[in-house]
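Worksheet: one structure, shown below.
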Amino acid sequence: GAGVSQTPSNKVTEKGKYVELRCDPISGHTALYWYRQSLGQGPEFLIYFQGTGAADDSGLPNDRFFAVRPEGSVSTLKIQRTERGDSAVYLCASGPGEWTEAFFGQGTRLTVV
Amino acid sequence: QKEVEQNSGPLSVPEGAIASLNCTYSDRGSQSFFWYRQYSGKSPELIMSIYSNGDKEDGRFTAQLNKASQYVSLLIRDSQPSDSATYLCASQSLGGSEKLVFGKGMKLTVNP
């Protein structure tokens, strides 16, 4: 079946602009995670959804970052007033339920210039 | 800060050898552990999960968990050049949310 789908694959934006990154999880998966990964580092947790609600948003670095999952399926990560330090690969993962493994999408490479 | 530690490596082994990758974790509440493989420029791919003390085997891969020592490892038998990748260890704690906490990863190179 289809895996986790993230769009766009690449995004180049100017400093100060607003961006939205989309994640379409595996059908039926209730858990959805956002991570970001910088070169040479492991994935850094941003936010976790169980269904429609954000169960843990402790990894969001500041109030410029926000994520939604209004119908419990597709999620959007929103970044306001982008900064060069936001440049990274943003990874989305989904899981079939609580306390299970997570499967990653191919990621969105965000470059802020 | 609850952490997962991996030796950054890199680790280099000859083809056909056993590659041993190790991971320690600081949160005693961690209950679930995962190994992901990440090829250069690609996203992490789940290869093993382990929840109980002891060994879990899947083909050429064996995951080992020792909760008393807060240690988890991955053994790759008969290593192949196609195993060359970065291996990420992750834990999940019942004491917190279901987020996965990742180590920095260990780069493995298998030489033909």
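The values are calculated or read from the model by the stated rules, or taken from the named source; none is laboratory data. All values reported here derive from a predicted model rather than from experimental measurement. We place every Cβ from the backbone using ideal geometry, glycine too, and count neighbours over all the protein chains shown. These accessible areas exclude ligands, DNA and RNA; they are computed on the full protein's heavy atoms, side chains included. Shrake-Rupley method; radii C 1.70, N 1.55, O 1.52, S 1.80 Å.
Could you run through the stretch A:15-32 and say how many residues are among the hydroxyl-bearing types (Ser, Thr, Tyr) and within 14 Å of chain B (Cβ to nearest Cβ)? Please lay out each step first, then the result.
Residues of the stretch A:15-32 that are among the hydroxyl-bearing types (Ser, Thr, Tyr), as a first pass: A:18, A:27, A:30.
Still in the list and also within 14 Å of chain B (Cβ to nearest Cβ): A:30.
Residues flagged as among the hydroxyl-bearing types (Ser, Thr, Tyr) and within 14 Å of chain B (Cβ to nearest Cβ) within the stretch A:15-32 amount to 1.
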(request) Would you point out the residue of the stretch A:96-113, among those that are touching a Leu at 6+ places or on another chain (Cβ under 8 Å) and either open to solvent by less than 10 Å² (accessible area, probe 1.4 Å) or at pLDDT below 95 (or both), that is farthest from the other protein chains (Cβ to nearest Cβ)? (result) A:110
(request) Give the stretch A:71-95 a look and list any residue that's facing chain B (nearest Cβ under 10 Å) and at pLDDT 95 or above, or say none. (result) A:89, A:91, A:92, A:93
(message) Against the conditions (1) within 12 Å of chain B (Cβ to nearest Cβ); (2) open to solvent by 10 Å² or more (accessible area, probe 1.4 Å), where does residue A:35 fall short? Just the number, please.
(response) (2)
(request) Considering every residue within the stretch A:56-66, establish whether at least one is among the aliphatic types (A, V, I, L, M), free of Cβ contacts under 8 Å to residues at least 40 places away in the same chain and either closer than 18 Å to residue A:7 by Cα or within 14 Å of chain B (Cβ to nearest Cβ) (or both). (result) yes
(request) Please enumerate the residues belonging to the stretch B:10-46 that are touching a strand residue (DSSP E or B) at 6+ places or on another chain (Cβ under 7 Å), under 29 Å from residue A:10 (Cα atoms) and in contact (Cβ under 8 Å) with a residue 24 or more places away in the chain. (result) B:10, B:34, B:35, B:36, B:37, B:38, B:39, B:44
(request) Pick out the one residue from B:94, B:108, B:88, B:75 that is aliphatic (A, V, I, L, M), within 14 Å of chain A (Cβ to nearest Cβ) and surrounded by 13 or more Cβ atoms within 10 Å (Cβ to Cβ). (result) B:88
(message) Take the residues in the stretch A:38-54 that are farther than 13 Å from residue B:44 by Cβ and assigned to a loop (DSSP other than H, G, I, E, B); name whichever of them is most open to solvent (accessible area, probe 1.4 Å).
(response) A:39
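Conditions tested, residue by residue: (1) in contact with a helix residue (DSSP H, G or I) (Cβ under 9 Å, 6 or more places away or on another chain); (2) among the acidic types (Asp, Glu); (3) free of Cβ contacts under 8 Å to residues at least 60 places away in the same chain; (4) not in a strand (DSSP E or B).
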residue: B:57; (1), (2), (3), (4): no, yes, yes, no
residue: B:69; (1), (2), (3), (4): no, no, yes, yes
residue: B:75; (1), (2), (3), (4): no, no, yes, no
residue: B:86; (1), (2), (3), (4): no, no, yes, no
residue: B:91; (1), (2), (3), (4): no, no, no, no
residue: B:97; (1), (2), (3), (4): no, no, yes, yes
(request) Take the stretch B:4-13 and flag every residue that is within 12 Å of chain A (Cβ to nearest Cβ), surrounded by 13 or more Cβ atoms within 10 Å (Cβ to Cβ) and not in a strand (DSSP E or B). (result) B:8, B:9
(request) Working carefully through the options B:43, B:32, find the one that is of a type in the set (Ser, Thr, Tyr), surrounded by 14 or more Cβ atoms within 10 Å (Cβ to Cβ) and part of a loop (DSSP other than H, G, I, E, B). (result) B:43
(request) Taking the options A:16, A:28, name whichever one is touching a Lys or Arg at 6+ places or on another chain (Cβ under 7 Å), open to solvent by 20 Å² or more (accessible area, probe 1.4 Å) and of a type in the set (Gly, Ala, Ser). (result) A:16
(message) Can you tell me which residue is nearest to residue B:91 (Cα to Cα) among those in the stretch B:14-23 that are under 10 Å from the mean Cα position of the chain (by Cα) and surrounded by fewer than 19 Cβ atoms within 10 Å (Cβ to Cβ)?
(response) B:22
